[in-house]
1. Could you list which residues have their amide H under 5 Å from that of Phe41, counting only those 5 or more apart in sequence or on another chain, with H placed in the peptide plane?
2. Pulled fully out, how much extra length does the chain show between Asn78 and Ala56, if you take 0.36 nm times their separation in residues and subtract their Cα-Cα distance?
3. If R₀ is 30 angstrom, what is the calculated FRET efficiency for the pair Arg67 and Lys32, using the beta carbon separation as r and rounding to 0.05?
4. By counting other Cβ atoms within 10 Å of each Cβ, how are Met87, Met66 ranked from fewest to most?
5. Using a/c under 1.5 as the rounded threshold, could you call the stretch 51-123 rounded, prolate or oblate? The axes a ≥ b ≥ c are square roots of the C-alpha gyration tensor eigenvalues, and prolate needs a/b larger than b/c, oblate otherwise.
6. Once the piece of chain linking Val24 and Ile89 is laid out straight, how much longer is it, given 0.36 nm per residue of separation minus the C-alpha distance between them?
Amino acid sequence: MKSFLNFLKRVFFGSDSDNKKEIVLTEEQKEKIRKRGNCPFHGFMLLPGGFFVDSAGNGCGPSGEMRPCGMGVADWSNCSWNIPENMEILSKTTIFPDELKLSRDISVPEWIKMFKEVRNSST
């Protein structure tokens, strides 16, 4: 829900994208990212305009619909949405992950990179 509020702040009060600092994750944030499973889009919904917001559920962000992940256990490496054509589109969108508690969005490629780094690191 906070992601959606951050999205509204950006829409009504402007972006602080000029103030993009490197994001340093706390252990608590890393643990929350790990709980998402193996999909960087699990629990998101896509809003018109190309913004992913956290749905605090099991949503399938790339589907573009408010529906749960069709895989049962989210696994991006085996997902039917994980194809080059979709990645090209997704790379132009932004995302508001609740884990980051940011007042701004980040790019999907930046989120995927961060997600993979956390998932591949030890606890």
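Throughout, read-outs are computed from the coordinates displayed, never taken from laboratory work. Predicted, not measured: the structure shown is a model, and the values here were computed from it. Glycine also receives a Cβ, built like all others from the backbone with ideal geometry; neighbour counts cover every protein chain displayed.
1. none
2. Numbers: separation 22, 0.36 × 22 = 7.92 nm, distance 2.24 nm.
Full extension of this stretch gives 5.7 nm more.
3. Numbers: r = 23 Å, r/R0 = 0.75.
That pair, Arg67 with Lys32, gives E of 0.85.
4. Details: Met87 14, Met66 11.
Least crowded to most crowded, the residues run Met66, Met87.
5. Working: a/c = 1.25, a/b = 1.15, b/c = 1.08.
Because its axes are fairly even, with a/c under 1.5, the stretch 51-123 counts as rounded.
6. Numbers: separation 65, 0.36 × 65 = 23.40 nm, distance 2.67 nm.
That pair, Val24 and Ile89, stretches by 20.7 nm at full extension.
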